[in-house]
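Beneath this line is the structure, given in structure tokens, with notes to follow.
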Amino acid sequence: MNVDSLPTAIPTHSGPTLLIVDDEAEMRRALKRTLDEEPYRILQADSAQSALSILAKEPVHVILSDHNMPGMSGLDLLRTLALRFPAVVRMMVTATHEFDVAVRAINLGEVSRFITKPWDDEELVCSVRAAFAHAALEREVRILRRQAKRNVAVLHELEARFPGISHVKRDRGGAVVLSEVDDDGRVSDAAIWSDEERGS
């Protein structure tokens, strides 16, 4: 591993993070240069093993990996990430002659997108932006699911302590009827004109 091309200390960071993996320093620099104006932190690894070490210590949201590397290939790396870090959006940079590898990887769900070398800068930037948008959406869904589970647990607890508290009464149009009688003892218009009073 060429430590000169990698950060000596990787700071803890909570913002969106991209990891570029390529055994060629020139390729890593070119990818980073293309994406430098984007609003995310960029980490670099010169091998699949180095990438796995970074992922064990750092939150990474999108990975952009070369395929043809010594040792573990990019496809094997992304296949491993699909199992160990499924929330990471996985992208592959491939040479044109590796097209069949990229298609197989996408079909197996191991890669969300592949970029061919030489890449078009605008296409690369747009693809990485789309990957971060996808990662953000996935994270938002997970946060909302956790919140919904907490809300349901609180609701069950309240219902156990105060039976009927979670019952919601609605009128014909679906609007919530908060109370038939207000604090001053007046009957609400919704209660007066509800279907329950029809024919009484």
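Numbers below:
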{"read-out": "Count - residues of segment 85-98 that are within 16 Å of the chain's Cα centre (by Cα) and either touching a residue at least 24 places away in the same chain (Cβ under 8 Å) or not assigned by TED's automatic domain parsing to the domain that holds LYS57 (or both)", "value": "6"}
{"read-out": "Test: SER112 is touching a helix residue (DSSP H, G or I) at 6+ places or on another chain (Cβ under 8 Å), within 23 Å of ARG41 (Cα to Cα) and surrounded by 15 or more Cβ atoms within 10 Å (Cβ to Cβ)", "value": "yes"}
{"read-out": "Some residue of segment 56-65 being more than 17 Å from VAL128 (Cα to Cα) and in a helix (DSSP H, G or I)", "value": "yes"}
{"read-out": "Test result for GLU138, loosely packed, with under 10 Cβ neighbours inside 10 Å, closer than 18 Å to VAL62 by Cβ and not basic (Lys, Arg)", "value": "no"}
{"read-out": "Meets criteria (in contact with a helix residue (DSSP H, G or I) (Cβ under 8 Å, 6 or more places away or on another chain), outside any helix (DSSP H, G or I), closer than 22 Å to ASP76 by Cα and assigned by TED's automatic domain parsing to the domain that holds THR17) for VAL101", "value": "no"}
{"read-out": "Single unsatisfied condition, MET69 versus (1) part of a loop (DSSP other than H, G, I, E, B); (2) under 30 Å from GLU140 (Cα atoms); (3) aliphatic (A, V, I, L, M)", "value": "(2)"}
{"read-out": "Criterion (assigned to a loop (DSSP other than H, G, I, E, B), modelled with pLDDT of 90 or more and not acidic (Asp, Glu)) met by exactly one of PRO11, PRO7, PRO39", "value": "PRO39"}
{"read-out": "Condition broken by LEU78, with the remaining ones in (1) closer than 21 Å to ARG41 by Cα; (2) in a strand (DSSP E or B) satisfied", "value": "(2)"}
{"read-out": "Condition met for ILE165 (hydrophobic (A, V, I, L, M, F, W, C), in contact with a Leu (Cβ under 8 Å, 6 or more places away or on another chain) and at pLDDT 70 or above)", "value": "yes"}
{"read-out": "Residue that is nearest to ILE63 (Cα to Cα), among those in segment 141-177 that are surrounded by 11 or more Cβ atoms within 10 Å (Cβ to Cβ) and among the acidic types (Asp, Glu)", "value": "GLU159"}
{"read-out": "Residue check for GLU122: acidic (Asp, Glu), touching a strand residue (DSSP E or B) at 6+ places or on another chain (Cβ under 7 Å) and in the same structural domain as LEU18 (by TED's automatic domain parsing)", "value": "no"}
{"read-out": "Count of residues meeting criterion [part of a helix (DSSP H, G or I) and aliphatic (A, V, I, L, M)] in segment 140-181", "value": "10"}
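The values are calculated or read from the model by the stated rules, or taken from the named source; none is laboratory data. This structure is a prediction, so every number in the text was calculated from the model and none was measured. Positions of Cβ are backbone-derived with ideal geometry, glycine not excepted, and every protein chain shown enters the neighbour counts.
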